[in-house]
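Working notes, beginning with the structure itself.
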Amino acid sequence: MRRRVLLTLLLLGLSASSFAVESGLLTLTIVRAEQKTRDRVLLYLVDTPIYQEDPVFEVAVRAGGLVVVGERDPEHKWETLPADWKPGALVEGRIEKHRLYLRRPNGTYVRFIITSRTKAPAEQHD
């Protein structure tokens, strides 16, 4: 009897977690897309850190009632974000557990690591 109850609870837990993951293509709204820099310690000279600024892309998108923020290190120093990704622009993408995939205008996907998820503020209509 105890085994049957534990097995039922385990199966319910597994099936509930599979519904919690957002998957499939969604139409997302860009909140912001920008290139930032992050300091990285290269070496220490007599207890003094020597830093180097590394570029990083940060994108925030609205997905339903959430704002999802993702970061990505550029693969090449000349890589840029698509010019179409301005606040309010619609873009196709998908959200997985820890990753955000956004479709570029040429059809390829860009993978971002999700850094935060917050409740979206209500949209204001003028």
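The values are calculated or read from the model by the stated rules, or taken from the named source; none is laboratory data. Because the structure is a prediction, the values reported are computed rather than measured. A quick note on method: Cβ atoms are made from the backbone with ideal geometry, for glycine too, and the neighbour counts reach across all protein chains shown.
Okay, here's what the table says:
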read-out: Residue match in the range 94-114 (condition: more than 30 Å from Gln52 (Cα to Cα) and in contact with a Phe, Trp or Tyr (Cβ under 7 Å, 6 or more places away or on another chain)); value: yes
read-out: Residue within the range 111-119 that is in a loop (DSSP other than H, G, I, E, B) and under 14 Å from Glu34 (Cβ atoms) present; value: no
read-out: Hey, Pro55 within 23 Å of Leu26 (Cα to Cα), at pLDDT below 95 and either of a type outside the set (A, V, I, L, M, F, W, C) or part of a strand (DSSP E or B) (or both) or not; value: no
read-out: Residue within the range 95-103 that is surrounded by 15 or more Cβ atoms within 10 Å (Cβ to Cβ) and over 12 Å from the mean Cα position of the chain (by Cα) present; value: yes
read-out: Flag if Glu71 is outside any strand (DSSP E or B) and of a type in the set (Asp, Glu); value: no
